[in-house]
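Accompanying notes for the structure given below.
Taken together, the values in this text are just the output of simple stated rules run on the coordinates, not laboratory data. Remember, it's a predicted structure, so these values are computed and weren't measured experimentally. Here the Cβ positions follow ideal geometry from the backbone for every residue, glycine too, while neighbour counts run over all protein chains shown.
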Amino acid sequence: MSAFKLNQIEDFTTAQYVELLRLAKLNYKFIDYRELAFEERGVLWRHDCDYSLNRSLRLAQLESQESVNSTYFLNPHCEFYNLLEKRQTEIVEKILLLGHDIGLHFDAAYYDIESEDQLDALVKREAGWLKNWFDVEPVAFSFHNPTQFLLSCERATYGGLINCYSRTLKTAIPYCSDSNGYWRFRRLREVLESAQDPCLQVLTHPGWWQETPLHPRERIFRSVYGRAHSVMNHYDHGLQTHERKNLAGPAGSLQFLKKISIVQYQLCDFLWNSGHLNELLLELYRLHIRQLKSFFRAAAVNYWHVRPSDVDEFLQQIELERCISQLTPAVCDVAWDVITSTSDIEYQRWSQICRTLFRQGHDVSSDIAEEGCLYFCKILASAAVWGGAEDAIFNEGISVIESVEMPLNTKTRRQTSPLLGSQKWRALKQKFATDP
Ligand SMILES: [Zn+2]
């Protein structure tokens, strides 16, 4: 069996999740930890919330749409979320409002537990926290990353909560889990389809269930970095709301990018703040080339009626950065230094540095790289402003080229007749074919 098949990554989507719920409903009755009835073809459906409360809410909503309830086990020591953070607390409240239960996901590694009495006292203490925070009684507890010692603690309850790993539950109820983002022992779909188990305990971790198939580490990456971006956003937004200065250092020059592409902004912001200046310089240079092509293509198509495929063919034959200072006056009727607020000499110097960096792979010093980053931020921002005010380029900014088509009434100022356009295009091609 290939590793891909073993992972069954296509199983872990929300669409598949709904199908699993429907399959489960066909053969089992959803029961909760208050009404453990092993003989009745019951299924205990539980979630250990290890990675994401946002994904927990998503699953809770899907379960509610399917008219079933489950139990969400929450870890007060979780590295991936903070239960006392306002937005996260609100998520738990929403899950409860949908009719689901909560349990304690107990992280024994936080303590140094040596006896069952200690375990009893600590589970009781943490159960009290959940009750105080959310004003409901947790119904059971499960171990986070259980050790041999913890698995040997097999009493029915500790600290007043049902133990999901009690001897009775472990022996009486067959179990199926998605631990680590794949089916380690049994595939849940097959378990539910065959329905051979008289009753079941199903454990899923909501972070594993995403909208599209992803490898397990990709799913964690999404949760972790999604949260990190949200925290940075919270910081920036807080300063803005209170009209305070946001002293971002040189990386503050990337602000213009935020309005154009949030993903590009996050990437560049990360590179700058983590000191990857050569990588950032290349990325900004790449964005700049993309912007140039986008502008040139938009202008040629909209002003001169050139076919997009002809423009692309032409762009493949020339080195755009070398010719751009002559191309912009010809096609856009405006000087290059007006668009970019820079001189051609300075521009050619930085283009040369980037081409060398790109082709020969020799890093430049961090001082030069940072100077280059500031330079490309300046011309990217300046050109984006110019493009935004230009009919043919419109809000092109540095977005993808495909959005070049626009309503006729915006193609006004510099537009020629198709005949004149094709004459101008032929002349331009001839000039650069012989004199690139
Ligand atoms: Zn866990």
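Sequence-distant or interchain residues sharing an amide H contact under 5 Å with Ile102, placed H: which?
Tyr72, Val139
Got a sec to turn the phi values of region 161-168 into Karplus ³J(HN,Hα) couplings, 6.51 cos²θ - 1.76 cosθ + 1.60 with θ = phi - 60°, whole Hz, x for Gly and Pro?
Whole-Hz 3J(HN,Hα) from phi for region 161-168: 10, 5, 8, 5, 10, 5, 4, 4.
Run the numbers for Asp236 and Asp112: contour at 0.36 nm per residue of separation, minus the present Cα-Cα distance, in nm.
Working: separation 124, 0.36 × 124 = 44.64 nm, distance 3.93 nm.
Result for the pair: 40.7 nm of gain on full extension.
Just grab the label-to-label distance for Glu154 and Arg217, each label 7 Å out from Cα along the Cβ direction, in nm (one decimal).
3.7
So who's got an amide H within less than 5 Å of the one on Tyr158, skipping anything under 5 residues away but keeping other chains? H placed 1.01 Å off N, in plane.
Under 5 Å from the amide H of Tyr158 lie the amide H atoms of Asn163, each far enough along the sequence or on another chain.
In terms of Cα to Cα distance under 20 Å, which aspartates and glutamates are near enough to Lys245, apart from those fewer than 8 places away along the same chain?
Asp236, Asp269
Take each of the peptides 350-362, 101-113, average the number of other beta-carbon atoms within 10 Å over its residues, and list them starting from the highest. Intermediate values should be presented prior to the final figure.
Numbers: 350-362: 13.8, 101-113: 19.5.
My ranking of the peptides, most packed first, is 101-113, 350-362.
Using only helices, what value at 222 nm comes out for the chain when you add -39,500 (n - 2.57) per DSSP H run of length 4 or more and divide by the total residues, to the nearest 500 deg cm²/dmol?
Numbers: 18 runs with 238 residues, N = 436.
Theoretical 222 nm ellipticity from helices: -17500 deg cm²/dmol.
Evaluate the Debye formula for the chain with equal point scatterers sitting on the alpha carbons, no solvent, and hand back log10 of I(q)/I(0) at q = 0.06, 0.11 Å⁻¹, in q order, two decimals.
Those come out to -0.43, -0.91, one per q.
Taking the Cα centre of each part, how many Å lie between region 79-100 and region 132-171?
21
How large is ³J(HN,Hα) for each residue in region 242-253, as worked out from phi by the Karplus curve 6.51 cos²θ - 1.76 cosθ + 1.60 (θ = phi - 60°), to whole Hz, x for Gly and Pro?
Running phi through 6.51 cos²θ - 1.76 cosθ + 1.60 with θ = phi - 60° gives 9, 6, 9, 6, 10, 7, 9, x, x, 4, x, 5 Hz.
Can you give the FRET efficiency to the nearest 0.05 for Lys131 and Asp333, using r as the Cβ-Cβ distance and R₀ = 51 Å?
On the way: r = 72 Å, r/R0 = 1.40.
Calculated transfer efficiency: 0.10.
Return the inverse of the average 1/r over all pairs of distinct C-alpha atoms in region 304-383, which is the Kirkwood hydrodynamic radius, in Å to one decimal.
On the way: mean 1/r = 0.0706 Å⁻¹.
In region 304-383 this quantity evaluates to 14.2 Å.
With no solvent and one point per C-alpha, what does the Debye sum give as log10 I(q)/I(0) for region 3-216 at q = 0.09, 0.12, 0.17 Å⁻¹?
-0.33, -0.60, -1.27
Would you kindly compute the Cα radius of gyration of region 221-289 and its largest Cα-Cα separation (Dmax), both in Å?
Final numbers for Rg and Dmax: 12.7, 37 Å.
Report the trypsin sites (Lys or Arg not before Pro) located in region 10-59 that are in a DSSP loop and have at most 12 other Cβ atoms inside 10 Å of their Cβ, or state none.
On the way: sites: Arg22, Lys25, Lys29, Arg34, Arg41, Arg46, Arg55, Arg58; in loops: Arg34, Arg41.
Answer by residue number: Arg34.
Given a cut-off of 22 Å, name the pairs among Lys378/Lys429; Lys293/Lys424; Lys378/Lys431; Lys293/Lys431; Lys86/Lys124 whose C-alpha atoms lie farther apart than that in the structure shown.
Details: Lys378/Lys429 30 Å; Lys293/Lys424 18 Å; Lys378/Lys431 30 Å; Lys293/Lys431 19 Å; Lys86/Lys124 24 Å.
Violating the 22 Å limit, Cα to Cα: Lys378/Lys429; Lys378/Lys431; Lys86/Lys124.
Find how much the distance from Val18 to Asp312 grows on full extension, using 0.36 nm per residue of separation minus their present alpha carbon separation; answer in nm with one decimal.
On the way: separation 294, 0.36 × 294 = 105.84 nm, distance 4.53 nm.
Stretched fully, the Val18-Asp312 segment lengthens by 101.3 nm.
Exposure proxy check: Asp32, Asp135 ranked by fewest other beta carbons within 10 Å? If you can, show how the numbers build up before the last one.
Values: Asp32 18, Asp135 9.
Starting with the residue having the fewest Cβ neighbours, the order is Asp135, Asp32.
Loop only by DSSP, 11 or fewer other Cβ within 10 Å of the Cβ. Give me the GluC sites (Glu not before Pro) in region 79-179 that pass, ordered by residue number. Please report the intermediate quantities before stating the final value.
Details: sites: Glu79, Glu85, Glu90, Glu93, Glu114, Glu116, Glu126, Glu154; in loops: Glu79, Glu85, Glu114, Glu154.
Filter output for region 79-179: Glu79, Glu114.
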